[in-house]
Amino acid sequence: MLGTLQPPRTLSRFPLYLTSRPVTLCTLTAQSPPSTSPAHSQILSIRHSLLTRQVTAAQLAESYLSRLRLTEPHLKSFLHVSDSDAVLRQAALLDQRIAGGEDVGPLAGVVVGVKDNICTADMPSTGGSRVLEGYRPAYDATAVRKIKELGGIVVGKTNLDEFGMGSTTEASAFQVTANPWDVSRVPGGSSGGSAAAVSARQCVVSLGSDTGGSVRQPASFCGVVGLKPTYGRVSRYGLMAYASSLDVIGCFGSSVADTGILLHAISGHDRLDATSSKREVPDFASQFASINLLESKPLKGLRVGVIRETLDEGVDAGVISAIRGAASHLEELGCSVTEISLPSFSLGLPAYYILASSESSSNLSRYDGVRYGNQAVADELNSLYGDSRAKGFGPEVKMRILMGTYGLSAGYYDAYYKRAQQVRTIIRKSFKTALDENDILISPAAPSAAYKIGEKIDDPLAMYAGDIMTVNVNLAGLPALVLPCGFVEGGKVGLPVGLQMIGAAFDEEKLLKVGHIFEQTLQNCRFVPPLIEDDTAW
Amino acid sequence: MMASTIFRSIQNHPLLLYQTALFRRKNGVFYCTMKSTEAQTATQEKQKPPLPKIMKQTKTSDKFSKDYEAVIGIETHVQLNTLTKAFCGCPYNYGSPPNTSVCPICMGLPGALPVLNSKVIELAVKVGLALNSKLSLNSKFDRKQYFYPDLPKGYQISQFDVPIASGGYIDLDLPVEFGGGHRRFGITRVHMEEDAGKLLHSENGSYSQVDLNRAGVPLLEIVSEPDMRTGIEAAEYAAELQRLVRYLGVSNGNMQEGSLRCDVNVSVRPIGQAQFGTKVEIKNLNSFSSVSRAIDFEISRQVLLHSQGQGDQITQETRLWEEGAQKTVTMRKKEGLADYRYFPEPDLPGVILTKEYVNSILDSLPELPEVKRRRYEKMGLSMQDVLFLANDVNVAEFFDATIAKGADVKLAANWIMGDIAAYMKNEKLTINEIKLIPQELAELIASIKGGTISGKIGKEILFELLAKGGTVKGLIKEKDLVQIVDPVEIEKIVDKVLSENPKQLEQYRGGKTKLQGYFAGQVMKLSKGKANPGLLNKILLEKLNAQS
């Protein structure tokens, strides 16, 4: 325990040097070091160490692998871990190229976790479902291909709620992932494995997918940075579809810069995805070095809207307090912060569950046992379908298929699917208006911090309600960045709380800039979970 | 990847289960017939010998049929001849070994996404315009959902409430041998969709295999208004659609390969009744004649039931045309309306057509069959000739090119419909495969008309040109075939023949004037066929009758 920071039992954290509030709010334990150094980009420092030959890619990979081996029994964040020889071979290859003075990509030596609903050609991809147990795709998803081309090393496939349907990873067909901050708690979901893996530094960055908050909510629960890009920014090719009009591949990192660099690596038009945007991808990465933090008001003039409806009843007081603290922090940085109202906000949840379930009922039709995956033994065709799917899908997936099938059925379509689409249009418009008047909108990423494993497993409505903060953003197709901004009581040392920043479509650049400055100026908060607190590297 | 996917566990209960399972799919008729790929048309088919009367009921119902009227509508699926499939880069070649033209997208692998081949839009717009339809400048794709092993994604990408084209009509002329007459049949809609794969069933029926080569191949579904009243009208409608897509070059329209498939809806009602009768759908129609015969059979069946007061026994069902037995049999009864749970395809952006785009395609359309027929008619050709020439786009183009070189219209038509067509038929060649080119046919016709060669020599040259090519002038020169039109020269030959046949000359002059033909033949033979027949006969007669 020596030499590590103990997150305090106060409800939120404020930057020390900017805040006018009493310093005592950020109580430090006696043992804590004086250092308040903020999160730094692991990707940039890896690059620096590799190119200056301070360390080899093989050494780096080995250190991640050994930490992974050590922590994995507690966390179970991976459904499949790459063969360590193969990982080390890739690293050694990079070392050879570096030694030979060759150019290596910006992700050279970066160990990446990939959510298991994203296809990888050389390892199993199950989507967390029994129906695809043992399935090995014929191809790499575009995002994975790009990561590999830029030198990234895929270290394994992370756990998730089956096909992304869930908020805890408890709906995985194979295992439940634990939260590194308190292993009795859920890491969030559905990208819980990817969030936990980054939080516990089992990998440098990871890919998740976000249909209704599946990157942002686990980022909040696990105290890491999660980025949900604009719909169309990243190719969905190779992402097992849950709800096609909402799904995006997103990024996890332990710093804003890392998520930005990863996003840059995987962004851009893909001729294999007709919904991917042809917009140019700005160089998100270059700005992280150049931001002048010496300026006293680096975000002067930035208009920030706090979404009133997200700080209402049903949201934990500690979370509200942390978000209000983050708002004050932004004010200190020069932002003009106002409270705004999105009257359509509460409509998002029912609309989301109708649309997502409807699309999923269609998208999951292909898992029929005919061409791949588990096939039931049956006497005739209907049993073949029925049994393969009955045995292959878990209860949460079945429930959503049933809901979606109902919502699309003749006679119900207008009342459900069509109406939900109309709500979606209203939500999109109200966000547009709010983002015309504000540069970014902020809210919590979830109404609470991580809860106990099993706590909501029998209460799907309570679990669905937890998505209230995030689903509207998917319905509107907007980008959102979640980054840790404080703590609430819980676990051994407190539980992290994530701040959600929502930007205008394709304006990830602004979110990353604001997020980076916020993170770099947030003092005395290190979001390193107790599970690895003895690891001196952190 | 998988060379062939097998699902072993489907047991094949020979009669009932197997059939119902096999044909559960709405659009699913499996075309396995392997006949000659020779282009066939409704008109040509009619030259086949009439099929034996199979059913007694046809005769019985004949006397009632005048009291009833049939109402027929057709859904046609046309396979578009794009280089690659509708939503992926796989090529499609009919008859390739199973699962050799597949990829993650058309196999419906997890994570794969469709991307529209823009050529599909272009061809759909062409057909929409050619059918005089209204194009939707903003249309979209939808998912039509049902489970079947040949449907890899569990849904078919199709168009539901906003088809790319709606309304419209098609004009056609009924064949003369069926009384002729012009018809205009309404088109309800044209929409784009993807084809499904095929199931291949093992001989003992213990398992079935899935071939996904055809999965994702672009189709146009063309739905007609219920405007047809007889089997012939329906068959001619289908034949005209085939003609249209071939003229447009959007499909090979081959029914045997399944590139053009017709599902027919037939109902019968007492004449004068406004309300439609209960409709029956007929599938498995692999030729125009089966379309015609299946409908006529079905009309008779329904009329008979009506006339016996058993009209209520006509239920809404899908019936299968059995080519061998020449009858329709129940395939499946409708179990209420199928719910395909259509919703907009979220993986594909909307289909937006600009007016400029539509206009550019409109400008590029070729002359269509109806316009061509009207033009030929105005040129003075008989309807028989018009229908023959305009039936096949390549024949029509050959004819047009020939007359563009100045050939006489009627003569050109006669040559094409006569000796050239006979040659093509004997040699099993298409007009594009013969060696004769339109310019030479025009030259040939001109040479005969101008008297350079005789019609008989012309025929000889024609077969030479058909088989080996070359030019008329070259052949005439090479074979020294120029007609002898010099009277002096012909007179010499006549004199020679007369002097060599004194006996016959005597007989002729003794009154056996029929011998004129004999002399003419001898002269022609001696001139190696080159003597101008008119001159020959004139001089010969003069000489024969000279000293009597």
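Put in order of Cβ neighbour count within 10 Å, fewest first, the listed residues A:S206, B:S360, A:S45 become B:S360, A:S45, A:S206. Averaging Cα coordinates gives a centre for region B:431-503 and one for region A:71-89; these two points are 89 Å apart. Distance between the modelled labels on A:K432 and B:Y518, one decimal in nanometres: 10.1 nm (7 Å Cα→Cβ projection).
Taking amide H as placed 1.01 Å from N in the peptide plane, the amide H of A:V154 sits under 5 Å from that of A:V112, each at least 5 places away or on another chain. With a simple spin-label model that places each label point 7 Å from the Cα along the Cα-to-Cβ direction, the separation between B:L541 and A:A86 comes to 9.9 nm.
In chain A, helices alone account for a calculated mean residue ellipticity at 222 nm of -11000 deg cm²/dmol, with every DSSP H run of four or more residues adding -39,500 (n - 2.57). Semi-axes of the equivalent ellipsoid for chain A, computed as √(5λ) from the eigenvalues of its C-alpha gyration tensor and ordered from largest down, come to 33, 29, 22 Å. With neighbour counts taken as other beta-carbon atoms within 10 Å, the residues B:S267, A:S66 rank, fewest first, as A:S66, B:S267.
Report the FRET efficiency, 1/(1 + (r/R0)^6), for B:K492 and B:Q384, where r is their Cβ-Cβ distance and R0 is 51 Å, rounded to 0.05. Approximately 0.70, to the nearest 0.05. Annotation: the antiparallel percentage among DSSP beta bridges lying fully within the protein assembly as shown is about 80. Between B:K428 and B:E122, the C-beta separation translates, for a Förster distance of 45 Å, into a calculated FRET efficiency of about 0.85.
Rounded to the nearest 10 degrees, what's the angle between the helix B:455-468 long axis and the longest principal axis of chain B, both from Cα atoms, 0 to 90? Taking Cα atoms only, the helix is inclined about 40 degrees.
Adding -39500 (n - 2.57) for every DSSP H run of four residues or longer, then dividing by how many residues chain B holds, sets the calculated 222 nm ellipticity at -11500 deg cm²/dmol. Subtracting the Cα-Cα distance of A:R324 and A:L51 from their residue separation scaled by 0.36 nm leaves 94.1 nm.
Mean partner shielding of peptide A:137-144, defined as the number of other chain Cβ atoms within 10 Å of each residue Cβ, is 3.
Per residue of peptide A:360-368, the mean number of Cβ atoms on other chains within 10 Å of the residue Cβ is 6.
Distance between the C-alpha centres of region A:339-380 and region B:183-231: 29 Å, rounded to the whole angstrom.
Annotation note: trypsin sites (Lys or Arg not before Pro) in region A:221-284 located in DSSP loop regions with a Cβ neighbour count of at most 12 within 10 Å are A:R271, A:K278. Taking max minus min of the alpha-carbon positions on each principal axis, region A:448-538 gives extents of 40, 40, 18 Å, largest first. Extending 7 Å from Cα along the Cβ direction at A:R419 and again at B:Q507 yields two label points whose distance is 10.5 nm.
Remark on B:L260: its backbone amide H falls under 5 Å from those of B:Q79, B:N254, B:M255, a criterion applied only to residues 5 or more positions apart or on other chains, H modelled at 1.01 Å from N. For chain A, relative contact order (Cα pairs under 8 Å, six or more residues apart, normalised by length) works out to 20 percent.
Given an 8 Å cut-off on Cα distances and at least 6 residues of separation, report the relative contact order of region B:367-478 as a percent. Answer for region B:367-478 is 23 percent.
For region B:211-253, the average shadow cast by the Cα convex hull is 4.2 nm², which is a quarter of the hull's surface.
For region B:367-478, the number of Lys pairs separated by eight or more positions or lying on different chains, with C-alpha atoms closer than 17 Å, is 21. Dividing the mean sequence gap of close Cα pairs (under 8 Å, 6+ apart) by how many residues region B:487-546 holds gives a relative contact order of 50 percent.
Computed across chain B, the Kirkwood radius stands at 27.3 Å (inverse of mean 1/r, all Cα pairs). Taking amide H as placed 1.01 Å from N in the peptide plane, B:F343 has its amide H under 5 Å from the amide H of B:R143, each at least 5 places away in sequence or on another chain.
With axes computed from alpha carbons, what is the tilt in degrees of helix B:56-65 against the longest principal axis of chain B, rounded to the nearest 10 within 0 to 90? Orientation of helix B:56-65: about 90 degrees from the principal axis. Relative to the longest principal axis of the Cα atoms of chain B, helix B:438-449 runs at roughly 30 degrees. Once the C-beta distance of A:Q59 and A:A121 is scaled by a Förster radius of 30 Å, the resulting FRET efficiency is 0.65 to the nearest 0.05. Convex hull volume per residue, computed on the Cα atoms of region A:305-421, equals 164 Å³.
Share of pairwise Cα-Cα distances greater than 16 Å in region B:309-355 is 68 percent (whole percent).
Bear in mind these aren't lab numbers, they're just calculated from the coordinates by the rules spelled out. Everything numeric in this text was worked out from a predicted model, so none of it was measured. Cβ sites come from the backbone with ideal geometry, for glycine too, and all protein chains shown count toward neighbours.
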